[in-house]
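The structure appears right after this line, and notes come after that.
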Number of protein chains: 2
Amino acid sequence: MSVLESLNWRYATKRMTGEKVPQQKIESILEAARLAPTSSGLQPFTILSISDRELLGKIRPIAHNQPQITEASHLLVFAAWDDVTPEKIDKVFEQIIRERKLPADSLDNYKNSLKARFGSLSREERYQSAARQAYIAFGVAIVAAAEQKVDATPMEGFKPAELDELLGLREKGLRSVTLLALGYRDAANDALASQKKVRRPIGELVIEL
Amino acid sequence: MSVLESLNWRYATKRMTGEKVPQQKIESILEAARLAPTSSGLQPFTILSISDRELLGKIRPIAHNQPQITEASHLLVFAAWDDVTPEKIDKVFEQIIRERKLPADSLDNYKNSLKARFGSLSREERYQSAARQAYIAFGVAIVAAAEQKVDATPMEGFKPAELDELLGLREKGLRSVTLLALGYRDAANDALASQKKVRRPIGELVIEL
């Protein structure tokens, strides 16, 4: 399927069948998220891929009891770094230098200017910047799921602080930002399955200059 | 090309040839961005598609003089709503009700709870929420461009306040959040064209539970 066909096929699935998504498809969706570009290549987030039924049962009340949480095969939790520190930046650049076989100091100017830029922001601003990068991967994962004919529900309706607590994210330096439930639509029980996709007209969304 | 093939083909192109991207491809990329999901379907952003050479020349110094700005065929500016107001929410729901031929008051409960949720946030938080939605469309547009074999450079390195001023965005209730330069790679002059794509290993990026 082309990207446009995939996007037209998908919708925000409210009811799922509980059927398991094959591991290979899950891996393909996660690989797409991994390949998504991020600012300076930092990839400042972790994705939790949750299929443990008991854990999903505990997450459901934190997400306004939405049934997709437990009817999904897997729930992806996109969790952004709660801070972008010099140490984390160093680690990313060490990997780039190693994998590209560059001289050890060849990226120092760029790296130092990046550290200075983040250093001039507040911790909250650094977290917000990391959260935005997670949304790029989130968008890419949504397209990748649809291409695999896997339904995906983007979900912001949950209590991040409670989910962070349940999953022990703050100790890992992470904050949950958004969820993607992966599974298969239960079209017979999902009123949204048959409804028209509504989007702002292109002439209103886009300004050409 | 599959999504994974597209993502492996693309890279953050630093030098472009200046060759024009056919209008049909630009429209396809914008259509993908339009179809991207957003929280409650608000699509709280505008995309400016800029191909005017003089205007691109004025934008380049605002974006640290990066050559892609003027070597691109089109520059997409993703600009988020600077606020999510009850009036804007009403307008979105009017369209949904009209297009889905629903009773006029059928979404009132949902709409009112949405207004209450945004009302409980600060204006800055509402803007941050809108900006994140723009990043979903940004991620989708990046995949769509690669599928069309159009190079795309995601660019956060610019001065948003200066760009807002140049484009008159604040008067439109918008704030620029990120840029996507669209064009064709000048591989002979782009050192990055031949370098290995570096990403965090999947076992480090993903936690399975």
Per-region count, the range B:35-57, residues under 18 Å from B:ILE96 (Cβ atoms) and of a type in the set (Gly, Ala, Ser): 4
Those residues of the range B:179-209 which are under 14 Å from B:TRP9 (Cα atoms), open to solvent by 70 Å² or more (accessible area, probe 1.4 Å) and assigned to a helix (DSSP H, G or I), in sequence order: B:SER194
Boolean, A:GLU71 is under 23 Å from the mean Cα position of the chain (by Cα), farther than 23 Å from B:GLN133 by Cα and crowded, with 22+ Cβ neighbours inside 10 Å: yes
Any chance A:LYS149 is assigned to a loop (DSSP other than H, G, I, E, B) and in contact (Cβ under 8 Å) with a residue 12 or more places away in the chain: yes
Residue match in the range B:124-140 (condition: of a type in the set (A, V, I, L, M) and surrounded by fewer than 19 Cβ atoms within 10 Å (Cβ to Cβ)): no
The range B:1-16, residues that are surrounded by fewer than 18 Cβ atoms within 10 Å (Cβ to Cβ) and in a loop (DSSP other than H, G, I, E, B): B:MET1, B:SER2
Residues (open to solvent by less than 60 Å² (accessible area, probe 1.4 Å) and over 30 Å from A:LYS25 (Cβ atoms)) located in the range A:97-118: A:ILE97, A:LEU102, A:SER106, A:LEU107, A:ASP108, A:LYS111, A:LEU114, A:LYS115, A:PHE118
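Residue-wise test of (1) modelled with pLDDT of 95 or more; (2) closer than 24 Å to A:ASN65 by Cα; (3) not β-branched (Val, Ile, Thr).
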| residue | (1), (2), (3) |
| --- | --- |
| A:PRO103 | no, no, yes |
| A:ALA116 | yes, no, yes |
| A:GLY119 | yes, no, yes |
| A:SER129 | yes, no, yes |
| A:TYR135 | yes, yes, yes |
| A:LYS149 | yes, no, yes |
| A:LEU169 | yes, yes, yes |
| A:GLY173 | yes, no, yes |
Residue match in the range A:50-65 (condition: part of a loop (DSSP other than H, G, I, E, B) and of a type in the set (Val, Ile, Thr)): no
The range B:173-202: number of residues that are more than 13 Å from chain A (Cβ to nearest Cβ), without any contact (Cβ under 8 Å) to a residue 40 or more places away in the chain and closer than 20 Å to B:GLY139 by Cβ: 0
Of all residues making up the range A:24-40, the number that are surrounded by fewer than 17 Cβ atoms within 10 Å (Cβ to Cβ) and either facing another protein chain (nearest Cβ under 7 Å) or under 14 Å from B:VAL206 (Cβ atoms) (or both): 1
Residues satisfying the stated conditions in the range A:78-94, i.e. of a type in the set (A, V, I, L, M, F, W, C) and either open to solvent by less than 10 Å² (accessible area, probe 1.4 Å) or more than 20 Å from the chain's Cα centre (by Cα) (or both): A:PHE78, A:ALA79, A:ALA80, A:VAL84, A:ILE89, A:PHE93
Any hit, the range B:153-167, residues being in a loop (DSSP other than H, G, I, E, B), touching a strand residue (DSSP E or B) at 6+ places or on another chain (Cβ under 6 Å), closer than 22 Å to A:SER40 by Cα and open to solvent by less than 10 Å² (accessible area, probe 1.4 Å): no
Neighbours by Cβ (under 7 Å, 6+ apart or cross-chain): first from the range A:43-55, more than 7 Å from chain B (Cβ to nearest Cβ); second surrounded by fewer than 22 Cβ atoms within 10 Å (Cβ to Cβ) and among the aliphatic types (A, V, I, L, M): none
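The values are calculated or read from the model by the stated rules, or taken from the named source; none is laboratory data. Everything numeric here is computed off the predicted structure, so don't read it as measured data. As a convention, Cβ positions derive from the backbone with ideal geometry for all residues, glycine included, and neighbour counts pool all protein chains shown. The area values use the complete protein model at the heavy-atom level, side chains included, leaving out ligands, DNA and RNA. Shrake-Rupley method; radii C 1.70, N 1.55, O 1.52, S 1.80 Å.
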